[in-house]
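Worksheet for the structure shown next.
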Amino acid sequence: MMKIEKGQPGYVNAQKTKYLIWAVGEFLVVIALVVLGYIQTGSKLNLFTIAAVVCCLPAAKMLVEFITMAPHKSIEPERFEEIQEKAPLLTKIYDTVLTSKDKVMPVDVFVISGRTVCGYTKSPKTDEAKTAKYVKEMLQQNKCEKVTVKIFHDYTAFMARVEGMNNIASVDQPENRKREHKIKSLILSTSI
């Protein structure tokens, strides 16, 4: 099975599965160590119990990662196909869950063309204006100035913007591609 990278469709679902499997596996190791120590010594005060307590740390970390990703879903395959078909020239980022100091903002897809970044989210908890402001400020802090960021809840309006951006991208300059890849890497760096 091929590994799904951050920014590809299906990433959120793949990460949830990975974190759940690792958390369950690591907690099973903890339980096995406690039981093994108790069977061998007849007491819970032994070296196996200490090892089990230490093993709780990575198990808890995986559980926290799973809990963080659990409420979020990957983009639907039909929407992915439609975006791929109507925006072949645009730089795209799928399945992002942006994190700031005080908010988690899931965005299903970002499309980037030149100095324009548009995103679509189906999550009603994602505030369009705050998410756009957060992305724009993060880009400005990393020397990507004069970038327009717009987040949509309305899929039809988002697709209309995407088609327009794709038409403009057909006459784009090569230096825009470099900027687009920088913007993509910055957005991915703030996503879990």
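Placing +1 on the Cβ of every Lys and Arg and -1 on the Cβ of every Asp and Glu, with no other charges, gives the range 1-89 a dipole of roughly 360 debye about its Cα centre.
Here the mean projected area of the convex hull built on the C-alpha positions of the chain is 13.7 nm².
Each residue, LYS182 and SER170, gets one label point 7 Å from its Cα in the Cβ direction; the gap between the two is 2.8 nm. Label zone of LEU28 (point 7 Å out along Cα→Cβ, amide N under 15 Å): in the range 38-81 this covers 59.
In the structure shown, the pairs LYS6/LYS130; LYS125/LYS146; LYS18/LYS146 are assessed against 32 Å; a Cα-Cα span above that value is assigned to LYS18/LYS146.
Greater than 27 Å separation of Cα atoms is the criterion. Which listed pairs, LYS103/LYS178; LYS61/LYS150; LYS61/LYS136; LYS16/LYS103; LYS86/LYS178; LYS86/LYS122, meet it? Violating the 27 Å Cα-Cα cut-off are LYS103/LYS178; LYS61/LYS150; LYS61/LYS136. Which of rounded, prolate, oblate describes the range 35-98, given a ≥ b ≥ c as roots of the alpha-carbon gyration tensor eigenvalues and a/c under 1.5 marking rounded, otherwise prolate only if a/b is larger than b/c? Verdict is prolate for the range 35-98. Converting phi to 3J(HN,Hα) with the Karplus coefficients 6.51, -1.76 and 1.60 and the offset θ = phi - 60°, the range 116-122 yields 10, 10, 10, x, 10, 9, 8 Hz in sequence order, with x at every glycine or proline. For trypsin sites (Lys or Arg not before Pro), the sites in the range 94-152 that DSSP calls loop and that have at most 16 other Cβ atoms within 10 Å are LYS101, LYS103, ARG115, LYS122, LYS125, LYS143, LYS146. Does the range 77-189 come out rounded, prolate or oblate, given a ≥ b ≥ c as the square roots of the eigenvalues of its C-alpha gyration tensor, rounded meaning a/c under 1.5 and, failing that, prolate meaning a/b above b/c? It is oblate, given that a/c is not under 1.5 and a/b is not larger than b/c. Computed over the range 11-69, the quotient of the alpha carbon radius of gyration and 2.2 N^0.38 Å is 1.32.
Angle of helix 11-41 to the longest C-alpha principal axis of the chain, folded into 0 to 90 degrees and rounded to 10: 10°. Can you tell me the orientation of helix 155-169 relative to the chain, as the angle in degrees between its alpha-carbon axis and the longest Cα principal axis, to the nearest 10? Computed tilt is about 60 degrees.
The modelled label-to-label distance for the pair ILE192/LYS125, using points 7 Å beyond Cα in the direction of Cβ, is 1.0 nm. Per-residue Karplus couplings for the range 90-102, computed as 6.51 cos²θ - 1.76 cosθ + 1.60 with θ equal to phi - 60°, are listed in order as 8, 7, 10, 10, 10, 6, 9, 10, 6, 10, 10, 4, 10 Hz, Gly and Pro entered as x.
A short reminder: the numbers here are calculations on the coordinates, not readings from a lab. What you are looking at is a predicted structure, and each value in this text was computed from that prediction instead of being measured. Because the Cβ atoms are built from the backbone with ideal geometry, glycine has one as well, and the counts that use them run over all protein chains shown.
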